[in-house]
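A short write-up of the structure that comes next.
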Amino acid sequence: MGGFKTLMVILVTLFIPPLGVFFVAGCGMDLLINILLTILGYLPGHVHAFYVEYVYYKRKGEVRAGVVDAKPAPGIYSDKVQRGGHSSRAVARNADANENAVAPATV
């Protein structure tokens, strides 16, 4: 089901870049920047929208895998995108689980 949602967001972004950013980041600075970029030129709006979506889905996968990147992605102002759509508690819980995990022995 997650793949279908991702595909739908990408298809919407192809036609209306600010709508794709709204679905991923919500109403905030990223949406405003994308609207301005789309007005200035359709291509810059697409580049920004796909960058925001890439960061969102990359962080979402990292949090699911238990890998937490503490450095914020440059040019992304939405906390929701920075955390991959997860709450800060879920991100912290996965980070704690990684610290307590025992590394496998190498031969």
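Flag: Arg93 matches the condition of being modelled with pLDDT under 95, surrounded by fewer than 18 Cβ atoms within 10 Å (Cβ to Cβ) and among the basic types (Lys, Arg).
Across region 70-90, which residue is modelled with the lowest pLDDT among those that are among the charged types (D, E, K, R) and exposed (fewer than 15 other Cβ atoms within 10 Å of the Cβ)?
For region 70-90, the residue satisfying everything is Arg89.
Would you be able to say whether some residue in region 44-51 is under 16 Å from Gln82 (Cβ atoms) and surrounded by 13 or more Cβ atoms within 10 Å (Cβ to Cβ)? So far as region 44-51 goes, yes, one or more of its residues are under 16 Å from Gln82 (Cβ atoms) and surrounded by 13 or more Cβ atoms within 10 Å (Cβ to Cβ). Within region 59-81, residues that are of a type in the set (S, T, N, Q) have Cβ atoms under 9 Å from residues that are surrounded by fewer than 17 Cβ atoms within 10 Å (Cβ to Cβ) in these pairs: Ser78/Gly26; Ser78/Gly28; Ser78/Met29, counting only partners at least 6 apart in sequence or on another chain. Beta carbons closer than 7 Å, at least 6 apart along the sequence or on distinct chains, pair a first residue in region 45-57 that is under 22 Å from Gly2 (Cα atoms) with a second that is among the charged types (D, E, K, R) and modelled with pLDDT under 95 for Val52/Asp30.
The values are calculated or read from the model by the stated rules, or taken from the named source; none is laboratory data. Since we're looking at a predicted model, the values are computed, not measured. A quick note on method: Cβ atoms are made from the backbone with ideal geometry, for glycine too, and the neighbour counts reach across all protein chains shown.
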